[in-house]
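Any read-out appearing in this document is the output of simple, stated calculations on the displayed coordinates, not a laboratory observation. This one's a predicted model, so the numbers in the text were calculated from it and none came from an experiment. FYI the Cβ positions are ideal-geometry reconstructions off the backbone, even for glycines, and counts take in every protein chain you see.
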Amino acid sequence: MQVITTLIMACAMGSVSASPLNLGTSDLALGPKAKADAPAPGPGPGPVPVPSAAKPLNFDLKSKAQLPLPQRTVYQFPEDHTWVENLYVRDNGDILMTMMWPKASLYLLKNPSTNPEGTEPTLIHTFDDAQGLLGIAETAPDTFAVVSSKFSAMAAVVAGGSAIWEISLQDVANPKVRKVTDLPEGGFLNGLVKLHSAACRNVAPADRKTVLVSDSFNGLVYRVNTNTGAYEVAVKVPEMDPVEGAALPFGVNGIKIVGHYLYWANSDHTSMHRVAIDMTNGHMREGATVETLVTLKDTAFLDEFDIDEDGTIWGVTNADNKLIAMRPSAQGGSYEVVLGSNTEMTLAGDTSARFGKGAFNRRTLYITTGGASVVPVNGTITEPAKLVAVDTRGYLN
């Protein structure tokens, strides 16, 4: 309920100026630990009240769970040189996976928490006008927006070849697919998140299917109306930029909205950031400043992430096959590797991470991989893409 309350107020406040939140208290608190009667944010600038049960963030990260965390392979594709880029967990717990190589295919895996290893996913649709799919988000019940791109080789995007699509799965056996828009200005369209919640009562229902899409090469986030196809740059700040002169420039990658904040990972800088946004249009709020939450050392890359109910950010590193738990704080944050390493195949080329849904699945983190296809483990070892389930129960609880 706290999340819904925050979203309602965030939509209602529009472009009210927002001061950075006090990272000494957990404004990241999500899920069942948030109290239904927690106070809503006030209309003026300043810290947003949080549930009294929220845990402080300004402490060194210490795990109560034995590391590495328990994991199991849910499914592994049979062919080598395959790359699953992203996933979305449906409300019923089923998982949608986007394949970036060799085909732009969308797969559905049912009941991942109970299916035995080897249960094959269902191919939902292959997009003929692209080589790969990337970010995915649900914009309306059983309706999803997805990023497609053309590639000349694995991870080698073709300039001007990106597009946004909509696919309806109200009838999974007969999906309805339409192209929303081409986005030829895009460099490397990547992460995707829905902007508006159904709680945004001051946003017309027809506009609640708007999404934000990250462009890793150009260091910015687009806003795309999936009804009309209209798009524009919503957020562009230096903290989204890639490293200047990099051979493969990757700035902003995974993105997520919590409350009225846009969170993102910067791949090249291996850092996590957030900024307050206007929930009606996706732009930065007037007077808002970017907060750097955590900066990783001894990590080559930071890809997608998810945020749990304790405020811990769980990020995957792709190039060095790690899962990292990050805890933001005003003192710069703390983090630790909880699974994988640059010499292991456990999470070979991990690409995205999402928590399951439901009372018995909410602490299971699902991770997709690209099989270390671009950066082989130990320089030579690759494998087919796979979906891995990580048990995070007991971590920091």
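Where in the stretch 131-189 are there GluC sites (Glu not before Pro) that are in a DSSP coil and have at most 15 other Cβ atoms within 10 angstrom of their Cβ? Please list the in-between numbers first.
Values: sites: Glu138, Glu166, Glu185; in loops: Glu185.
Listed in order of number, the matching sites are Glu185.
Figure the gain on full extension for Ala247 and Thr380 (residue separation times 0.36 nm, minus the Cα-Cα span) and round it to one decimal in nm. Please list the in-between numbers first.
On the way: separation 133, 0.36 × 133 = 47.88 nm, distance 2.12 nm.
My answer for the length gained is 45.8 nm.
Please express the shape of the stretch 74-203 as an equivalent ellipsoid: the semi-axes are the square roots of 5 times the eigenvalues of the C-alpha gyration tensor, given largest first in whole angstrom.
Working: eigenvalues 100, 94, 29 Å².
With the √(5λ) rule applied to the stretch 74-203, the semi-axes are 22, 22, 12 Å.
Among the listed pairs Lys110/Lys256; Lys103/Lys322; Lys209/Lys322; Lys103/Lys209; Lys194/Lys236, which have their C-alpha atoms separated by more than 29 angstrom in this model? Before the final figure, lay out each step's value.
Values: Lys110/Lys256 24 Å; Lys103/Lys322 25 Å; Lys209/Lys322 33 Å; Lys103/Lys209 26 Å; Lys194/Lys236 18 Å.
Over 29 Å Cα-Cα: Lys209/Lys322.
Assuming a ≥ b ≥ c are the square roots of the Cα gyration tensor eigenvalues, decide whether the stretch 151-289 counts as rounded (a/c under 1.5), prolate (otherwise, with a/b larger than b/c) or oblate. Can you show the working numbers first?
Working: a/c = 2.03, a/b = 1.13, b/c = 1.80.
Here the stretch 151-289 falls in the oblate category.
Fewest Cβ neighbours within 10 Å first, please rank Asp268, Asp129 accordingly.
Least to most surrounded, the residues fall as Asp129, Asp268.
To the nearest whole percent, what portion of all C-alpha pairs in the stretch 63-391 is separated by more than 38 angstrom?
Values: 3603 of 53956 pairs.
Everything past 38 Å amounts to 7 percent.
At Ala330 and Asn92, where each label point lies 7 Å from the Cα along Cα→Cβ, what is the point-to-point distance in nanometres?
4.7 nm
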